[in-house]
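Student: Here you go, one structure.
The values are calculated or read from the model by the stated rules, or taken from the named source; none is laboratory data. The shown structure was predicted, so the numbers you read here are calculated from the model rather than taken from an experiment. All Cβ positions, glycine included, derive from the backbone under ideal geometry; neighbour counts span all protein chains shown. Side chains are part of the model used for accessible areas, which takes the heavy atoms of the whole protein and leaves out ligands, DNA and RNA. Shrake-Rupley method; radii C 1.70, N 1.55, O 1.52, S 1.80 Å.
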Amino acid sequence: MSGDQVAVVLDATALAAYVNGQVAVGELIAEVADEGRQVAVPAACLAAAHAATTGDVGAALLTLLATTPAVTLVPLGADPGVDDARQTGVLARAAGGDIALGHAARTALAHQAHLATADPTTAAVVLPTGWSILDLSQT
């Protein structure tokens with residue numbers, strides 16, 4: 001991976017796994033923080049996770065994760081000079097219209113970062129062959 005500060009991108013399925021108590025997500029964030037690097041959470045993924053979460057506890061967990069010092073929230077269209085929304089949409093098209101996954105893939109590509117997901121099969125369709133996908137479905 002590059003010298004960029006972002007080491008890992010969490011997609012919406014990773015955020016859902018976190019809300020559902022999967023400790024691997026928290027462990028991954030801690031490992032990245034120990035390296036002095038960041039975990040990126042694309043805004044579209046955070047919005048999708050909030051939409052899928054019922055109850056105050058899930059919403060509070062997502063807020064806690066998003067405000068953790070080792071986590072950086074990535075807004076859509078934040079990369080100056082790049083048509084981020086268009087590129088996100090093209091990637092989302094490959095994922096059957098999943099804007100959140102398109103934004104996660106776009107973020108991973110932009111930062112040369114690993115993508116952490118509970119749906120590695122779908123992520124593999126969107127990302128280039130051989131891209132580093134951290135499979136959270138087996139933990």
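Student: Test of understanding: among 68, 72, 88, 107, which residue is assigned to a loop (DSSP other than H, G, I, E, B), under 16 Å from the mean Cα position of the chain (by Cα), more than 19 Å from residue 137 (Cα to Cα) and touching a residue at least 24 places away in the same chain (Cβ under 8 Å)?
Tutor: Checking each option against the conditions leaves just 68.
Student: Next up: Can you pull out every residue in the stretch 96-110 that is among the hydrophobic types (A, V, I, L, M, F, W, C), within 13 Å of residue 13 (Cβ to Cβ) and open to solvent by 20 Å² or more (accessible area, probe 1.4 Å)?
Tutor: Scanning the stretch 96-110 gives no hits.
Student: Let me ask something additional. Exactly one condition in (1) open to solvent by 70 Å² or more (accessible area, probe 1.4 Å); (2) closer than 23 Å to residue 138 by Cβ; (3) β-branched (Val, Ile, Thr) is not met by residue 32; state its number.
Tutor: (1)
Student: Here's a follow-up. When only residues in the stretch 1-29 that are among the acidic types (Asp, Glu) and in contact (Cβ under 8 Å) with a residue 40 or more places away in the chain count, which is most open to solvent (accessible area, probe 1.4 Å)?
Tutor: So the residue we want is 4.
Student: Also: Out of the stretch 62-90, which residues are of a type outside the set (S, T, N, Q), at pLDDT 90 or above and open to solvent by less than 50 Å² (accessible area, probe 1.4 Å)?
Tutor: 62, 65, 66, 70, 71, 74
Student: Would a scan of the stretch 120-129 turn up a residue that is under 11 Å from the mean Cα position of the chain (by Cα), at pLDDT 95 or above and assigned to a loop (DSSP other than H, G, I, E, B)?
Tutor: no
Student: Collect the residues in the stretch 42-55 that are without any contact (Cβ under 8 Å) to a residue 40 or more places away in the chain, open to solvent by 40 Å² or more (accessible area, probe 1.4 Å) and assigned to a helix (DSSP H, G or I), keeping them in residue-number order.
Tutor: Residues satisfying the conditions are 50, 51.
Student: Can you name every residue in the stretch 25-39 that is within 14 Å of the chain's Cα centre (by Cα) and in a helix (DSSP H, G or I)?
Tutor: Residues satisfying the conditions are 25, 26, 28, 29, 32.
Student: All but one of (1) over 16 Å from the mean Cα position of the chain (by Cα); (2) open to solvent by 20 Å² or more (accessible area, probe 1.4 Å) hold for residue 58, so report the exception by its number.
Tutor: Single failed check for residue 58: (2).
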